[in-house]
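Here is the structure we will look at.
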């Protein structure tokens, strides 16, 4: 079906029309339409999405799981923000809750291979038909409200519709960007979690950690639980939680604690709650243990937290697999490590994981970075762990040019094995270079980078 985007001379509230006047009938067409439906990819603020949510709630046909409106679900809600770790914590909270008998709706972003990855009910991706129906309901409400929505805003509301109509009794919502003005924050969270704060998205959140923390703290609510997953978090997080009378407030290293007991066990405790002898989560690295501890802190705030044992907690966490987050796979006889690290904090964690793995004969890095990211910090954090750098041309104007990345690599005396070739040629060159065995390849720099490589290799 051909698409036509009309802006009617008003860049703030464009209308979207399809040739023939109909709406898409397949999911891919819907997503292509939504990508063009708003003049800005990111447009933080809640006024437009709140207006659509109001019309969505008023339209005929009461939502099964949201009798008081789409933003007041008949469910407990956990909202998770943070610079790094929020996707892993969201997946872990969902896994723990499912073990406790919740019917969980999990919303996360971005996706890797299929949009359906973003919206899961009871551990399964929503099917195309369900998503199309939800997107259509949101579109009709948007038209009634007379505003435009970004791709993320429209799909966030669609996820809410899916969870409400699927009768989920726990919604786990990962914030897209920031917190205070993110579409997810339209719903009041019973448990609001901020994982770790680091420099990222400065153009929207600010250049200093205090400003970033204030934006993340926007998800806290009065008389609702607040979990801060960083012992040395900016003071703004706890002070805002206190000023809002959030209750209880649990901060890592103060109100809940964890420690590695052995190479196979770790302990978690908070006050009278003690969980010894837990098995390590399936995701490698020290941050994974911190994320698991934060997920447990959030889970303890839910009404069914006491219904599962330490053994069941271990089993739930061991089953969590997050695509593209410190993901180790073997490809053509070589170990590949995929990580979406796209800021200095994430790259530092990647470097710690690389240093903890058995030493490889050679470590090859395939790096491509989005234009608004600080490539220097990514390379500085990982330079000591990498022997050879491969810098492909991604044929994407939103990515930093390979020759520019090469300059940063040279600043750290790195050896550039390839620069500027297309991704397919770059991968072929890496595969030829590691045939002698004992090498490791790490792919990082952005979600786009990991997704593109895994698709080329057939993992998707």
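Computed from the C-beta positions of residue 207 and residue 396, the FRET efficiency with R₀ = 41 Å rounds to 0.95.
In segment 213-229, whose amide N lies under 12 Å from the spot 7 Å out along Cα-to-Cβ of residue 243? List them in ranges. Counting only backbone N, you get 214-215, 217-218.
The mean sequence distance of close C-alpha pairs (under 8 Å, at least 6 residues apart), as a share of the length of the chain, puts its relative contact order at 13 percent.
Taking each residue as 0.36 nm, the span from residue 116 to residue 376 lengthens on full extension beyond its C-alpha to C-alpha distance by 90.2 nm. Descending by average beta-carbon neighbour count within 10 Å, the peptides 102-112, 228-238, 399-409 line up as 102-112, 228-238, 399-409, the highest first.
Averaging the Cα positions of each part gives two centres, and for segment 357-413 and segment 158-228 these lie 30 Å apart.
Each of 186, 326 has some number of other Cβ atoms within 10 Å of its Cβ, and from fewest to most they run 186, 326.
Cβ crowding within 10 Å ranks 247, 397 as 397, 247, fewest other Cβ atoms first. Where the alpha-carbon atoms of segment 327-457 are placed on the principal axes, they occupy 34, 28, 25 Å, in descending order. Sorting 72, 57 by the number of Cβ atoms found within 10 Å of their own Cβ, with the fewest placed first, yields 72, 57. Across segment 102-203, the volume of the C-alpha convex hull divided among the residues equals 126 Å³ per residue. With helices as the sole contributors, the chain gives -11000 deg cm²/dmol at 222 nm; each DSSP H run of n ≥ 4 counts as -39500 (n - 2.57), and the sum is divided by every residue. Peptides 315-325, 42-52, 161-171 ranked from most to least packed by the mean count of surrounding Cβ atoms within 10 Å: 161-171, 315-325, 42-52.
Only the coordinates and a few stated rules stand behind these numbers; no lab work does. All values derive from a computational prediction rather than experimental measurement. Note that each Cβ is placed from the backbone with ideal geometry, even for glycine, and that neighbours are counted across all protein chains shown.
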